[in-house]
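The values are calculated or read from the model by the stated rules, or taken from the named source; none is laboratory data. Quantities reported herein were computed from a predicted structural model and do not represent experimental measurements. FYI the Cβ positions are ideal-geometry reconstructions off the backbone, even for glycines, and counts take in every protein chain you see.
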Amino acid sequence: MAEESKKTYPSIPIKHWWALRDKFKQSIPASVTPGYIATTLGMQERSAKANIIPYLVMLGLIDQDGKPTERAVNWRDDEHYPEVCKQIRQELYPRELLDAIPGPSVDRDAVERWFANKLGVGEVAAKRMARVYELLSEAVPSKRVSKERKVRQPTVSRVIKPRPVAAEDFVSQEQLASATQLAPSLNFNIQVHISPDASADQIDQIFASIAKHLQKLR
């Protein structure tokens, strides 16, 4: 059982957790070196040595020499996976946290606050630690999709087809005359929307009609 004074907890990225487990399912390496991690996870050896290997040791999946443990063998097995997660939780986390947020479904915000308050770490570090705690609490070997990953909905473009020109689109002579009498100082801007399907004769008739009405307004 971890002591209350423990100041660091696993914060391995979840995607690396699953990638390494898949790799171990294929074949357990004789030794987990920075080069092995770098190749498997597509990262620099320096980063693998500083950010991945120490957590694998902390989790009990490899020893100090990089040799996979018996726990690693069970970790890759779906049947034993929940028990491995349970063992890691009991070894690494204090009773206070385990009793307050036991799981399997945990309040991640509450877990993040616990790490932030107890360890004095920043938001990013608290989130990473909380994700690992949540992962171990759920202990579901088939749950690989992060809750934070959002599926982007496809954008649907709507094509608006122009409607055919209708009789009500034109202003009648009576309406123009009435408007002129009531508001002689007004200017009219006439917009004509012609359907792409209109024939040349129809277009000529439209403009001829407009010209006829405009001449009577002079």
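Among the numbered criteria (1) closer than 23 Å to residue 134 by Cα; (2) assigned to a loop (DSSP other than H, G, I, E, B), which single criterion is violated by residue 90?
(2)
Do any helices (runs of 4 or more DSSP H) lying entirely in region 17-84 carry at least 1 residues that are over 19 Å from residue 133 (Cα atoms), more than 31 Å from the chain's Cα centre (by Cα) and not aliphatic (A, V, I, L, M), and which ones are they?
Output list reads 70-75.
So, residue 105, is that one farther than 21 Å from residue 8 by Cα and at pLDDT 65 or above or not?
Against the criterion (farther than 21 Å from residue 8 by Cα and at pLDDT 65 or above), residue 105 qualifies.
Among the residues of region 98-109, is there at least one that is touching an Asp or Glu at 6+ places or on another chain (Cβ under 6 Å), in a helix (DSSP H, G or I) and within 17 Å of residue 140 (Cβ to Cβ)?
yes
Could you look through region 50-64, keep only residues that are hydrophobic (A, V, I, L, M, F, W, C) and in contact (Cβ under 8 Å) with a residue 12 or more places away in the chain, and pick out the one that is surrounded by the fewest Cβ atoms within 10 Å (Cβ to Cβ)?
Only one residue fits best here, namely 58.
Looking at (1) closer than 21 Å to residue 128 by Cβ; (2) part of a helix (DSSP H, G or I), which is the one condition that is false for residue 10?
Only one criterion in (1) closer than 21 Å to residue 128 by Cβ; (2) part of a helix (DSSP H, G or I) is unmet by residue 10, namely (2).
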